[in-house]
Amino acid sequence: MLRTNLTFLSFIERFSAENREANIILKSFKSGYRFIEQGEKISNIYIIKDGISKCFISEENGKDFIIEFLGKGEVAGELEAIKKMDCLCSVEAISEVTAYVIPDHLFHSLISKSSEFTTILLQELSTRIIQTSTRASFQQLYTLEYALLKLLKLQADEHISISKEDMAAYLGISVRSFNRSLKQLIDKGGFDTPEFKNILQLGNMKKLLERLKP
Ligand SMILES: Nc1ncnc2c1ncn2[C@@H]1O[C@@H]2COP(=O)(O)O[C@H]2[C@H]1O
């Protein structure tokens, strides 16, 4: 749910410190700022140093679907650079975000000259395929309450807080359905499986549920 890639982050921190002339700059974005807009052409690639962004597709019916939350070391904008296509989705800060901004010519030169960089990038893209496929299967094959419980547990574990609207957009449902599922989950008191039996009893889970109560 919240992706990070600390290997990518340490590579770019080291590279920009050792190659000041490369013009990699660090930019800060306020929460709510959309630094990549779906359908546009961009000339930079971003590697997140701090903070969390959401990466989402807006459909023509006005609904948004959150593909992934991107944290430390995650790259954004690489598809447009590699495939020479318009940006697949939008990327927006949901907390204060700082990111390394890499001009696309430098990104391409790193791919052709640094096998370390290319290996990290290939690993990242492979992980994205694995995670996106696993999530698609999970969300199709389990009940909504089960997916919601898993999403809540991840937030409790990682001490992050995601708005109700964003959680609904991540699960691909309306806020109304989200509230209904949350109520069902609270009323039922959890699932009788070894993995989830005690989740609702976690201290920070109680606080999370209080905040979200419909
Ligand atoms: N499945 C995914 N998981 C994580 N990030 C993604 C995924 N799909 C797209 N992105 C990111 O969102 C960015 C939007 O702009 P780009 O299409 O240039 O590049 C995209 C990727 O960096």
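The values are calculated or read from the model by the stated rules, or taken from the named source; none is laboratory data. For clarity, every value in this text was computed on a predicted model and none was experimentally measured. Ideal geometry is used to build each Cβ from the backbone, glycine not excepted, and the neighbour counts take in all protein chains shown.
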Inset, instruction - Hey, can you tell me all the residues within segment 5-51 that are of a type outside the set (D, E, K, R), under 15 Å from the mean Cα position of the chain (by Cα) and in a strand (DSSP E or B)? - result: 35, 36, 46, 47, 48
Inset, instruction - Give me the pairs, please: first residue somewhere in segment 160-188 and more than 17 Å from residue 146 (Cα to Cα), second residue anywhere and basic (Lys, Arg) and modelled with pLDDT of 90 or more, beta-carbon distance under 9 Å, and either six or more positions apart or on two chains. - result: 162/54; 166/54
Legend entry - Yes/no for residue 54 being assigned to a strand (DSSP E or B), touching a strand residue (DSSP E or B) at 6+ places or on another chain (Cβ under 7 Å), among the charged types (D, E, K, R) and within 13 Å of the ligand (Cβ to nearest atom): yes
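Residues checked against (1) farther than 21 Å from residue 15 by Cβ; (2) modelled with pLDDT under 95; (3) surrounded by 17 or more Cβ atoms within 10 Å (Cβ to Cβ); (4) hydroxyl-bearing (Ser, Thr, Tyr):
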| site | (1), (2), (3), (4) |
| --- | --- |
| 57 | yes, no, no, no |
| 60 | yes, yes, no, no |
| 63 | yes, yes, no, no |
| 72 | no, no, yes, no |
Legend entry - Members of segment 65-88 that are within 6 Å of the ligand (Cβ to nearest atom) and assigned to a helix (DSSP H, G or I): 78, 79, 80
Legend entry - Filter pass, residue 90 being surrounded by 17 or more Cβ atoms within 10 Å (Cβ to Cβ), out of contact with any Cys (no Cβ under 7 Å at 6 or more places or on another chain), modelled with pLDDT of 95 or more and not aromatic (Phe, Trp, Tyr): yes
Inset, instruction - Could you list all residues from segment 126-169 that are touching an Asp or Glu at 6+ places or on another chain (Cβ under 8 Å) and assigned by TED's automatic domain parsing to the domain that holds residue 7? - result: 128, 131, 132
Inset, instruction - Go through the residues of segment 96-104 one by one and say whether even a single one is surrounded by 15 or more Cβ atoms within 10 Å (Cβ to Cβ), within 13 Å of the ligand (Cβ to nearest atom), at pLDDT 95 or above and under 16 Å from the mean Cα position of the chain (by Cα). - result: yes
Inset, instruction - Tell me which of these residue 30 doesn't satisfy, since it passes every other one: (1) within 15 Å of the ligand (Cβ to nearest atom); (2) over 20 Å from residue 135 (Cα atoms). - result: (1)
Inset, instruction - Could you tell me which numbered condition residue 30 fails, if it satisfies all but one of (1) touching an Asp or Glu at 6+ places or on another chain (Cβ under 7 Å); (2) among the charged types (D, E, K, R); (3) within 27 Å of residue 115 (Cα to Cα)? - result: (3)
Inset, instruction - Within segment 129-158, track down each residue that is away from the ligand (no atom under 13 Å from the Cβ), farther than 16 Å from residue 177 by Cα and within 15 Å of the chain's Cα centre (by Cα). - result: 154, 155, 158
